[in-house]
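The values are calculated or read from the model by the stated rules, or taken from the named source; none is laboratory data. Being a predicted model, the structure only gives us computed values, none of them experimental. Every residue, glycine among them, receives a Cβ derived from its backbone with ideal geometry; neighbour counts consider all protein chains shown.
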Amino acid sequence: MNIQLIKCHGSNNDFILIDEITNFYSFTDLDRENIALALCDRNSSLGADGILFVMKSEVADAKMRIFNADGSEASMCGNGLRCAGRYLCELLQKDELIVETLKVNLHVKKAEPIFQQIPTYQVEISPVLFQLDQLPMNLPRETLFNEKVSELSQDLLFSAVAVPNPHLITYVDAEVIRSNVQKNIAEYVNGPNDLFPDGVNVSFVHFMQKDRIYVRTYERGVGFTNACGTAMSASSLISCLLELNEFEKGIEVFTNGGKVRCVVHKNKEEYKIDLIGNATYLYNAEISIDLKHPENFSVVQKTDTAEQVGYEQLEAHVKEIIDPVIFSS
Ligand SMILES: N[C@H](CCC[C@H](N)C(=O)O)C(=O)O
């Protein structure tokens, strides 16, 4: 069969978007897993951090499912929802939508450019769940906020939160970001381990200055990515709970892949986060694939867009800001 796709990214966290609304594909979940494994493979002619399947919904304007590069399905993807949100707004000719995701229906809307003329979307990140059984994380306690976890480190302080996909977050100095501490911890909690039976996205965060943080994430099911939208959002939330930043105020979140803005909303003990950032299309393509042997797919046609040139301006702006703080301090 032939499949139409769009290669897109949010903060250079890149995805292959497949539209099951206008195309008459009938994938099983095993098909989706195998498509993710084959097309995300960086040694293949495509390569991506994940696949976004957009489809009809009975309860919202549309539905998005996210499959990681290892074929596992995640409950949410912040950078991916911005890309799917753009695609769906253009498809349905609306400026805002409700998108059904695995566990929750989320608000998405077109936003003012985050930088120059870059296509920018705002997505809702919620619910925010601190109970460890929501990750799941196996510790003899209800929640984990800015505490030591002796199985992981003798000195780092960790927070655990589900938004609703699982995140383990620690605030560190720049030289820790440059070390291999994060890689070692992230590989441990995403391998066979007692703490996180389903794995977890691991973020090391550096507080740069008021209203400005830097986040590096090792994603469950992927590995290190240029950015992770739900992680940037969760890290912004933790910065407010640590009283480094303020609720209801824009926080600039920098990563190796670019920058987004997060606004953390607090209503009594309920939180939700606005994640605002680019949704960039890189190319349209058509592939020929046999779902029984998906790894042998071939690209039938591929048409680049001109959007990445504009995004590279933002990359240069971000590099100027983070290099002196993170990579040479
Ligand atoms: N790896 C994540 C899913 C993708 C999330 C990330 N790409 C984002 O932008 O939020 C997980 O397994 O929970």
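Structure notes:
- Residue count for segment 220-254, restricted to those that are more than 20 Å from Gly80 (Cα to Cα) and within 16 Å of the ligand (Cβ to nearest atom): 1
- Qualifying residue in segment 232-241 (condition: at pLDDT 95 or above and touching a helix residue (DSSP H, G or I) at 6+ places or on another chain (Cβ under 6 Å)): yes
- Residue within segment 109-123 that is in contact with a Cys (Cβ under 9 Å, 6 or more places away or on another chain), among the hydrophobic types (A, V, I, L, M, F, W, C) and assigned by TED's automatic domain parsing to the domain that holds Gly47 present: no
- Among the conditions (1) part of a helix (DSSP H, G or I); (2) in contact with a strand residue (DSSP E or B) (Cβ under 9 Å, 6 or more places away or on another chain); (3) of a type outside the set (Gly, Ala, Ser), Asn34 misses just one, which is (2).
- Of all the residues in segment 49-79, those that are assigned to a loop (DSSP other than H, G, I, E, B) and either in contact with a Lys or Arg (Cβ under 7 Å, 6 or more places away or on another chain) or more than 16 Å from the ligand (Cβ to nearest atom) (or both) number 7.
- Here the condition is being assigned to a loop (DSSP other than H, G, I, E, B) and crowded, with 23+ Cβ neighbours inside 10 Å; of Ala234, Ala227, Ala186, it holds for Ala227 alone.
- Count of segment 103-114 residues, restricted to those that are of a type in the set (Gly, Ala, Ser) and either assigned to a loop (DSSP other than H, G, I, E, B) or in contact with a helix residue (DSSP H, G or I) (Cβ under 7 Å, 6 or more places away or on another chain) (or both), is 0.
- Answer residue from segment 194-219, given it is closer than 27 Å to Val325 by Cβ and not in a strand (DSSP E or B) and is farthest from the ligand (Cβ to nearest atom) among those: Lys210
- Residues located in segment 115-142, provided they are over 23 Å from Lys266 (Cα atoms) and assigned to a loop (DSSP other than H, G, I, E, B): Phe115, Gln116, Gln117, Ile118, Pro119, Pro136, Met137, Asn138, Leu139, Pro140, Arg141
- First in segment 19-33 and in the same structural domain as Glu286 (by TED's automatic domain parsing), second anywhere and of a type in the set (Gly, Ala, Ser), Cβ under 6 Å, 6 or more apart: Glu33/Gly71
- Verdict on Lys292 being within 30 Å of Asn43 (Cα to Cα), out of contact with any Pro (no Cβ under 9 Å at 6 or more places or on another chain) and buried (at least 23 other Cβ atoms within 10 Å of the Cβ): no
- Complete set of residues in segment 80-98 that are of a type in the set (A, V, I, L, M, F, W, C) and away from the ligand (no atom under 14 Å from the Cβ): Leu88, Cys89, Leu91, Leu92, Leu97, Ile98
- Cβ pairs under 6 Å, 6+ apart, first in segment 190-201 and assigned by TED's automatic domain parsing to the domain that holds Val222 and within 16 Å of Ala69 (Cβ to Cβ), second among the polar types (S, T, N, Q) and assigned to a loop (DSSP other than H, G, I, E, B): Gly199/Asn190
- As a summary of the residue check, Glu246 satisfies the conditions (1) buried (at least 19 other Cβ atoms within 10 Å of the Cβ); (2) not in a strand (DSSP E or B); (3) not hydrophobic (A, V, I, L, M, F, W, C) except for the one numbered (1).
- Check on Glu147, of a type outside the set (Val, Ile, Thr), closer than 23 Å to His9 by Cβ and in contact with a strand residue (DSSP E or B) (Cβ under 9 Å, 6 or more places away or on another chain): no
- Scanning segment 3-29 for residues that are assigned to a loop (DSSP other than H, G, I, E, B) and within 16 Å of the ligand (Cβ to nearest atom) gives Ser11, Asn12.
- Residue in segment 130-143 that is farther than 23 Å from Leu92 by Cβ, more than 20 Å from the chain's Cα centre (by Cα) and β-branched (Val, Ile, Thr) present: yes
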